[in-house]
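Have a look at the structure below before the remarks.
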Amino acid sequence: MNADAIIIGAGACGLMCAVQAGYLGKKVIVLEKNEKPGAKILISGGGRCNYTNQYASPEQFISANPHFLKSSFTQWTVDDTISFFETYGIQGKEKTLGQLFPDEKNARDVVQVFTSVCEDFGQEIRCNADVKDIEILPDGFRVTYEKNGKKIVLKSEKLVMATGGLPIPKMGATDFALRFARKHDLKIVETAPALVPLTITGKDEEWFAQLSGNSVFCEVSNNEIAFEENILFTHWGLSGPAILQISTFWRRGEVVNINLLPHHDIVAVLDEERKINGKTLLSTLLNRFYTKKFTDALGKFLPLIKPVAALTNAELQLIKQTIHEFKVKPAGDKGYDKAEVMRGGIDTNEISSKTMECKKIPGLFFGGECLDVTGWLGGYNFQWAWASGFVIAQNI
């Protein structure tokens, strides 16, 4: 045998697994298709890497089996993640909503932690290694990969599948784990892009396009959940944190509700203004909350040049609906090229929640994004990757 385990994928899960295996004195070989390890880590958070969230718990994840995460998150906690990175000189700094970024460091430093520790432990990370075949043997696995035109064969009793999901193909994302799972009759929960911008077409397209570049703090919701963060208007539709969040829960054909002024009651604001100065134009009042460009765009729906004292009950109702109950029916999303993660994946019922080992194929482990576990925006998916990598390392 060439190693105690072969890990396919040098992303967040694979790298954490390699490091934790090293702590336990286990030898692993990591095979990475890209030229460098940690490709997705390097681009996360605009290169700053939101590496965990202080509030991460199973409640911020979507899965057909919502209880699956509990064991991993008990074995490897947010505090464990914070302590791990602090040990190697990365202090966390909260940005918003519990999101932790490296203080005075960046994504390169995060990847450097893993590559340096792997080197210290003698763990091999072989890049430009394109896995071509995996054979299941009576005593383990035979992995054939290609590098620089040469085929190389490795054997190991344990195999870790940490190949990630489908988003950002240009970063080397593939459906490798899903194809392998299907080949061996493992169930797959339907996959789709998640944490992804939404597109608008048809008669509303021009209205959204004219607002391109405008960012507005909103509450975005559907019948299932609501998020309060900024939305960003683009020439093709909607983006920004709140839209990315709701996209994971959105299904084609559904309406998205947008409260354009979540911390105020626009009718109460208008009533108060009437008492102070009824001659105030509706546009003047709205400019207190929005950019002039955004207010002007609302003129498609609202009587902007009318004094607030002259507004009828019907107009007040229209203003309330437009500001607090703005409805959008997206045509679709921007696809895996622009998605941050994948929804769905290998059915977690095929995997032991305590060990991450495949129930049908002993010695085979799955972790990270290839499983049906999808977190919210804001460091949650990294926390899942670190936790699953840790758990796997304990059991190889």
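Each reported figure results from applying straightforward, stated rules to the coordinates on display, with no laboratory input. Owing to the predicted nature of the structure, the values given are computational and were not obtained by experimental measurement. Methodologically, a virtual Cβ is constructed for each residue, glycine included, from the backbone with ideal geometry; neighbour enumeration extends over all protein chains shown.
Across the chain, counting alpha-carbon atoms alone, Rg and Dmax equal 24.6, 84 Å. Quick one: net charge around residue 256, please, counting Lys, Arg +1 and Asp, Glu -1 for every other residue with C-beta under 13 Å from its C-beta. Local net charge: -2. Summary of the geometry: the range 45-72 and the range 340-365, compared by the centres of their Cα atoms, lie 16 Å apart.
Length gained on full extension, residue 306 to residue 279: 8.9 nm, using 0.36 nm per residue less the C-alpha separation.
Cα-based radius of gyration for the range 4-64, normalised by 2.2 N^0.38 Å, reads 1.34. Exposed loop positions in the chain were taken to be GluC sites (Glu not before Pro) whose DSSP state is not H, G, I, E or B and which have at most 12 other beta-carbon atoms within 10 angstrom. Between these positions, the longest stretch is 105-223.
The range 153-186 and the range 225-271 have their alpha-carbon centroids 35 Å apart. Return the calculated 222 nm mean residue ellipticity for the chain, to the nearest 500 deg cm²/dmol, obtained by summing -39500 (n - 2.57) across DSSP H runs with n ≥ 4 and dividing by the residue count. Value at 222 nm, helices only, nearest 500: -9000 deg cm²/dmol. Do the alpha carbons of any pairs in 147/359; 203/279; 70/105; 36/132 sit beyond 24 Å of each other, and which pairs? Listed pairs above 24 Å: 147/359; 203/279; 70/105. Neighbour counts of other Cβ atoms within 10 Å put 341, 78, 373 in the fewest-to-most order 78, 341, 373.
Across the range 359-375, computed HN-Hα scalar couplings (Karplus, 6.51 cos²θ - 1.76 cosθ + 1.60, θ = phi - 60°) run 5, 8, 10, x, x, 9, 10, 10, x, x, 6, 5, 8, 6, 9, 10, x Hz from first to last residue, x flagging Gly and Pro. If the viscosity is 1.567 mPa s and the temperature 4 °C, what translational diffusion coefficient in µm²/s does Stokes-Einstein give for the range 197-334 when Rh comes from Kirkwood over Cα pairs? It comes out at roughly 84 µm²/s. log₁₀ I(q)/I(0) of the range 126-266 at q = 0.09, 0.14, 0.22 Å⁻¹, via Debye over equal Cα point scatterers, no solvent, to two decimals? Scattering profile of the range 126-266, log10 relative to I(0): -0.48, -0.79, -1.38. Overall dimensions of the range 270-341, expressed as equivalent-ellipsoid semi-axes from the Cα gyration tensor (√(5λ), whole Å, largest first), are 32, 13, 10.
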